[in-house]
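Worksheet for the structure shown next.
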Amino acid sequence: MPGLRASPPAFLLLLALAFPRGSLAVQELEPGSRSAAAAARVALLYRNFQAGSLGGLRALGQVRKATLKNIPESGHKYYLQFSTEDYRTGEDAGNCLATVLFPKKKSRPVVSIKCSHTKDQKEIQEEDNRFYQRIRHQSKPITANNIPDSYGNIEPALEPVWALAVAGSSSIMWEKSTETLGYFLAQVKSARQWLRKDDFIEFDYTVLLHEIPTQTWSWDRPSMQVSGWEWFH
């Protein structure tokens, strides 16, 4: 009808807001560049930690668009559009728009991220519940070492233990990441469950984190002790 106009899709509006235009301090990045991928991984680390969902964990798929803005008083801010994959199956999990600010001062990256979903939220909740029930109703506490093993395999019974380690370590890796240094979870060296009378799940983990692009932990040791991770479903 005359006088009526259709509104642009919400995702396109977000995209228009996410990518700055017309500034001399803005630099378009190659989507396949290491810096763009590193910033996108930081955004996903933040998202995985905040989501607190073992069934909804995501990994980086492909960076589609990346822009870098130099903010003199603050630091470098990345504007990103990228696809994601289900952390466990590798299937398409949806697209994300994110901004990642690496402050000039030594502090954790500031992340804002919004993602679309290909997986039904009810399905994710059901998967979370299956993970929770498998861990919660153990007659004996779970103890495990070297997940995955030296061949890269994870026993099906230990998949929830690995997923919980991925979710828990995401917070540490996000906080420690810088513009030039990122991390990924290489292996759970040891895991021990503490049986509780309430509805929480608690583990002590020793995890091995590797640097990106180098392969050694930046502290004085190649692995890090993390105690008392809790998950409440």
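The values are calculated or read from the model by the stated rules, or taken from the named source; none is laboratory data. From a predicted model like this one, the values you see are computed outputs, not experimental measurements. Note that we place each Cβ from the backbone using ideal geometry, even for glycine, and neighbour counts take in every protein chain shown. Note: accessible area is taken over every heavy atom of the protein model, side chains too, but ligands, DNA and RNA are not part of it. Shrake-Rupley method; radii C 1.70, N 1.55, O 1.52, S 1.80 Å.
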Practice problem: State, as an integer percentage, the relative contact order of region 19-130 based on alpha-carbon contacts under 8 Å between residues 6 or more apart. | Solution: 23
Quiz item: Which of the lysines could a cross-linker bridge to LYS105, judged by Cα under 16 Å and excluding same-chain residues fewer than eight apart?
Solution: LYS77, LYS176
Exercise. Report the dimensions of region 142-197 along its three principal axes from the alpha-carbon atoms, largest first, rounded to Å.
Key: 38, 35, 15
Quiz item: lysines within cross-link reach of LYS119: Cα-Cα under 27 Å, excluding same-chain residues under 8 positions apart?
Solution: LYS65
Practice problem: Would you mind pulling out the separation of the Cα centroids of region 31-51 and region 118-179, in Å? | Solution: 19
Quiz item: How about LYS122: which lysines have a C-alpha closer than 26 Å to its C-alpha, ignoring those fewer than 8 places off in the same chain?
Solution: LYS114
Quiz item: Across region 36-49, in residue order, what do the Karplus-derived ³J(HN,Hα) couplings come to in whole Hz, using 6.51 cos²θ - 1.76 cosθ + 1.60 with θ = phi - 60° and x for Gly and Pro?
Solution: 5, 5, 5, 5, 5, 5, 4, 4, 6, 4, 4, 5, 4, 5
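Around THR143, what is the net charge, scoring Lys/Arg as +1 and Asp/Glu as -1 over all other residues with Cβ under 11 Å from its Cβ?
+1
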Quiz prompt | DSSP-loop chymotrypsin sites (Phe, Trp or Tyr not before Pro) across region 120-221, with at most 15 other Cβ within 10 angstrom | solution = TYR151, TRP219
Quiz item: With θ set to phi - 60° and the Karplus curve 6.51 cos²θ - 1.76 cosθ + 1.60, what are the ³J(HN,Hα) couplings of region 106-113 in order, to the nearest whole Hz, using x for Gly and Pro?
Solution: 6, 8, 5, x, 9, 10, 10, 8
Quiz item: For region 36-193, what is the accessible area per residue in Å² when the probe is 1.4 Å?
Solution: 50
